[in-house]
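Step one of this worksheet: look at the structure below.
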Amino acid sequence: MNSIILADDETVVCTEFARTLEGFGYRVEMCSTLESAVRSAKRRQFDAILVEFNIRSEKRAHLRAGNGLKLIQKLRTAKVGIPILIFTAMEGDLYKRASVRAGADGFILKTTSVSSIVARLRGYVWRQKRTSARDRSRDSGTGRTNWAR
């Protein structure tokens with residue numbers, strides 16, 4: 001079973017979407033703040049992370065602007081290599097470009113159909129697992145893949 005972090009401070013949206021993802025076979029850990037998402041990512045292995053662009057911080061009660069980008073930067077600095085996708089209602093190229101510059105692998109609008117969201121999530125997770133398996137099968141001395149293993 002694939003596991004993901006859903007980092008979103010909109011409780012109703014987060015709960016309903018987590019339930020939907022669980023119906024598609026995902027184990028979902030919900031995090032309502034930037035800091036709780038960092039703690040979860042450090043505590044165990046996940047297959048992907050969905051991040052709200054404007055997730056709340058525990059340190060600043062009302063300031064939400066762009067904390068999702070800060071979360072992505074913290075995770076990338078900590079060498080978290082799994083897919084991290086912005087999952088937001090914030091539309092526009094400005095948000096997409098900022099997300100990619102921060103280290104996001106993708107940008108998904110909350111208005112996107114559930115089937116499209118799940119298909120994209122599956123694609124990112126599949127590519128990550130395929131890349132990880134290929135990296136593990138590489139010969140340490142030659143840098144070539146040992147397909148016989």
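Throughout, read-outs are computed from the coordinates displayed, never taken from laboratory work. Everything quoted here is computed from the prediction, not taken from an experiment. Every residue, glycine as well, gets a Cβ built from its backbone with ideal geometry; the counts of neighbours run over all protein chains shown.
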| field | Cα Rg, Dmax, the range 1-43, angstrom units | value | 10.1, 27
| query | For the chain, what is the mean residue ellipticity at 222 nm derived from helices alone (per DSSP H run of n ≥ 4: -39500 (n - 2.57); sum divided by total residues; nearest 500 deg cm²/dmol)? | reply | -14500 deg cm²/dmol
| Neighbour-count order for Lys70, Lys79, fewest beta carbons within 10 angstrom listed first | Lys79, Lys70
| task | Write out the trypsin sites (Lys or Arg not before Pro) in the range 1-50 meeting two conditions: DSSP loop, and at most 15 other Cβ atoms within 10 Å of their Cβ. | result | Arg44
| query | Using only the Cα atoms of the range 90-131, what do you get for the radius of gyration and for Dmax, in Å? | reply | 11.6, 31
| request: Provide the FRET efficiency to the nearest 0.05 for the Arg19-Ala89 pair, computing r from the beta carbons and using R0 = 30 Å. | output: 0.95
| Within the chain, longest stretch free of exposed GluC sites (Glu not before Pro) [DSSP loop, at most 15 other beta carbons within 10 Å] | 92-149
| Using alpha carbons only, what's the Rg to Rh ratio of the chain with Rh from Kirkwood? | 1.01
| note | Within the range 12-118, DSSP-loop chymotrypsin sites (Phe, Trp or Tyr not before Pro) with at most 16 other C-beta atoms within 10 Å are Phe24
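Based on DSSP H assignment, which helices of the chain show an axial Cα extent of at least 24 Å together with a mean Kyte-Doolittle hydropathy greater than or equal to -0.5?
Span-like helices here: none at all.
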